[in-house]
Each structure stands twice: as C-alpha cells, then as structure tokens.
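Peer 1: Okay, here's the structure, questions in a sec.
The values are calculated or read from the model by the stated rules, or taken from the named source; none is laboratory data. The model shown is predicted, which means the values in this text are computed figures rather than measured ones. Neighbour counts are summed over all protein chains in view; Cβ atoms, including those assigned to glycine, are modelled from backbone coordinates with ideal geometry.
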C-alpha cells in the first residue's frame with residue numbers, strides 16, 4: 001500500500017497534518033491550498049479503505065483523515081506482526097534435533 005501511495009504521490013497525506021490558515025487570512029491561494037489538501041487526503045483515505053475487507057472497512061471508515069487511518073492500522077497490525085515474529089524466533093531458538101526421529105522429518109519441522 002505504501003508503494004502504491006508513493007507511486008500516486010499521495011504518501012505525504014499519511015505523514016502530514018492538514019495545513020492551517022492563519023486567522024483573518026482568506027486569500028484565494030491559501031483557501032485553494034487547503035481545498036486541494038482536503039480533496040487529496042480524501043482520495044488517499046479512499047485508496048486505503050478500498051483495500052480493506054468489509055468488516056474492517058466498517059470499523060475504520062469513520063476515521064477523518066488518511067494520516068489517522070494509517071496510524072491506526074499501523075498500530076493495530078504491525079504490533080500483532082511483531083508478536084508473531086517474537087514467537088517464531090523463540091521457536092527457532094528452542095528447536096533441538098533428536099536421535100529418535102528421522103532427520104528429514106526434523107528438517108521439515110525446522
């Protein structure tokens with residue numbers, strides 16, 4: 001997904017906050033910048049949501065910006081991945097060869 005967003009030049013919307021317009025300034029350029037940012041953020045969020053399965057879509061569709069959506073998904077799913085990797089490494093370190101089993105069975109289990 002990150003590669004796709006980078007290719008579409010939308011990756012900055014999962015890293016940056018919405019630009020703020022200083023109070024009292026309402027020139028056309030500032031308003032247009034914010035309008036373009038809101039539109040591009042909407043597209044970025046749509047691409048991310050479009051890749052989720054329906055039950056996850058319903059959970060995450062209410063998040064207002066692509067940056068918040070990305071952080072939420074990253075926190076949820078990268079944390080689980082780290083736990084799984086620790087489990088695999090632990091199993092790797094605990095593996096021991098036994099003389100009573102055929103060596104090929106043990107290699108496949110490893």
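Peer 1: Go over the candidates 24, 50 one by one and state the one that is modelled with pLDDT under 90, exposed (fewer than 10 other Cβ atoms within 10 Å of the Cβ) and more than 30 Å from residue 106 (Cβ to Cβ). Walk me through how you get there before you give the answer.
Peer 2: Values: 50 fails: modelled with pLDDT under 90.
On inspection, the qualifying residue turns out to be 24.
Peer 1: Residue 99 versus (1) more than 14 Å from the chain's Cα centre (by Cα); (2) loosely packed, with under 13 Cβ neighbours inside 10 Å; (3) assigned to a helix (DSSP H, G or I): which is the lone unmet condition?
Peer 2: Residue 99 satisfies every listed condition except (3).
Peer 1: Taking segment 7-35 as the region of interest, how many residues are under 14 Å from residue 66 (Cα atoms) and part of a helix (DSSP H, G or I)?
Peer 2: Here the count works out to 4.
Peer 1: Also, I was wondering about something else. Could you say which residue among 62, 108, 68 is at pLDDT 85 or above and part of a helix (DSSP H, G or I)?
Peer 2: Values: 62 fails: part of a helix (DSSP H, G or I); 108 fails: at pLDDT 85 or above.
Result of the check over 62, 108, 68: 68.
Peer 1: So which residues in segment 55-70 are free of Cβ contacts under 8 Å to residues at least 24 places away in the same chain and under 20 Å from residue 4 (Cβ atoms)? Walk me through it before giving the result.
Peer 2: Here is the first cut: in segment 55-70, the residues free of Cβ contacts under 8 Å to residues at least 24 places away in the same chain are 55-64, 68.
Within segment 55-70, 56, 57, 60, 61, 63, 68 qualify.
Peer 1: So for segment 78-95 (the condition being modelled with pLDDT under 85, in a loop (DSSP other than H, G, I, E, B) and more than 30 Å from residue 6 (Cβ to Cβ)), does at least one residue qualify?
Peer 2: Checked segment 78-95: at least one residue is modelled with pLDDT under 85, in a loop (DSSP other than H, G, I, E, B) and more than 30 Å from residue 6 (Cβ to Cβ).
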